[in-house]
Amino acid sequence: GQSLEQPSEVTAVEGAIVQINCTYQTSGFYGLSWYQQHDGGAPTFLSYNALDGLEETGRFSSFLSRSDSYGYLLLQELQMKDSASYFCATEAAGNKLTFGGGTRVLVKP
Amino acid sequence: DTAVSQTPKYLVTQMGNDKSIKCEQNLGHDTMYWYKQDSKKFLKIMFSYNNKELIINETVPNRFSPKSPDKAHLNLHINSLELGDSAVYFCASSQLRLAGVGEQYFGPGTRLTVT
């Protein structure tokens, strides 16, 4: 089966750095994705790690350790518009995504 | 230039009715998906089709029947609607890659409310 664990909520101030951890148990693991979803909106893709290491995309970075079944999303220089839910998702055969429960990030002025 | 579109955006109906949700993508992708997001925001895959062929069929009641007339369209028909079917249904698409791709494009969602 597949299961993912991530914190339910994180609060930080503008300009701060937030790290959202994700641990997973999955069979047939291909990679770990991260998605952002604003209230009332659709999930939008942020990043994907198939190999161990850090992937950087602007203010957002994602890390994967396959041996530890662990990854994280790093949000830097937080802005008010970053207030949203963030989901990690494991990918398996057939490009099947299994999502974690989501982490609600609240950015305060 | 909408990439993945769904209709309707909102759907309010009574228990026992039958309803359909339509999805279209203009990205040229060969794989499309249906997801259900419940009130706690838990997002779970229901089905996926690759070139009109069903490749993922999760444990979903058989009241839910997907149909893919071509690779750009994936519709979801729901029979005998129940209160527990109330959720937001998202359609998504991607290009199937054997080595994994991680990125799927989601439609705006259809909020289904069963009363």
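A Cβ distance below 7 Å, combined with a sequence gap of six or more or placement on separate chains, defines the contacts here; from the range B:90-101, residues that are more than 13 Å from B:D30 (Cβ to Cβ) reach residues that are in a loop (DSSP other than H, G, I, E, B) and hydrophobic (A, V, I, L, M, F, W, C) in the pairs B:F90/A:A42; B:G100/A:A50. I want to confirm something. Restricting to the range A:92-105 and keeping residues that are under 15 Å from the mean Cα position of the chain (by Cα) and over 17 Å from A:S69 (Cβ atoms), which single residue is farthest from the other protein chains (Cβ to nearest Cβ)? Out of the qualifying residues, it is A:V105. Restricting attention to the range A:16-35 and to residues that are among the hydrophobic types (A, V, I, L, M, F, W, C) and assigned to a strand (DSSP E or B), the residue that is farthest from A:Y70 (Cα to Cα) turns out to be A:V18.
Could you identify the single residue in B:K67, B:K36, B:K44 that is in contact with a helix residue (DSSP H, G or I) (Cβ under 9 Å, 6 or more places away or on another chain) and not aliphatic (A, V, I, L, M)? Spell out the reasoning first.
Details: B:K67 fails: in contact with a helix residue (DSSP H, G or I) (Cβ under 9 Å, 6 or more places away or on another chain); B:K44 fails: in contact with a helix residue (DSSP H, G or I) (Cβ under 9 Å, 6 or more places away or on another chain).
Being in contact with a helix residue (DSSP H, G or I) (Cβ under 9 Å, 6 or more places away or on another chain) and not aliphatic (A, V, I, L, M) holds for just one of B:K67, B:K36, B:K44, which is B:K36.
Residue count for the range B:69-108, restricted to those that are among the aliphatic types (A, V, I, L, M), assigned to a loop (DSSP other than H, G, I, E, B) and either under 18 Å from B:C23 (Cβ atoms) or at the interface with chain A (Cβ under 8 Å from one of its Cβ atoms) (or both): 4.
Restricting to the range A:58-81, give me the number of residues that are among the acidic types (D, E) and under 13 Å from the mean Cα position of the chain (by Cα). Steps first, please.
Taking the range A:58-81 first, the residues among the acidic types (D, E) are A:68, A:77.
Those still in the list that are under 13 Å from the mean Cα position of the chain (by Cα) too: none.
Number satisfying all stated conditions: 0.
Readers should treat all values here as calculations from the given coordinates under stated rules, not as data from a laboratory. Predicted, not measured: the structure shown is a model, and the values here were computed from it. Ideal geometry is used to build each Cβ from the backbone, glycine not excepted, and the neighbour counts take in all protein chains shown.
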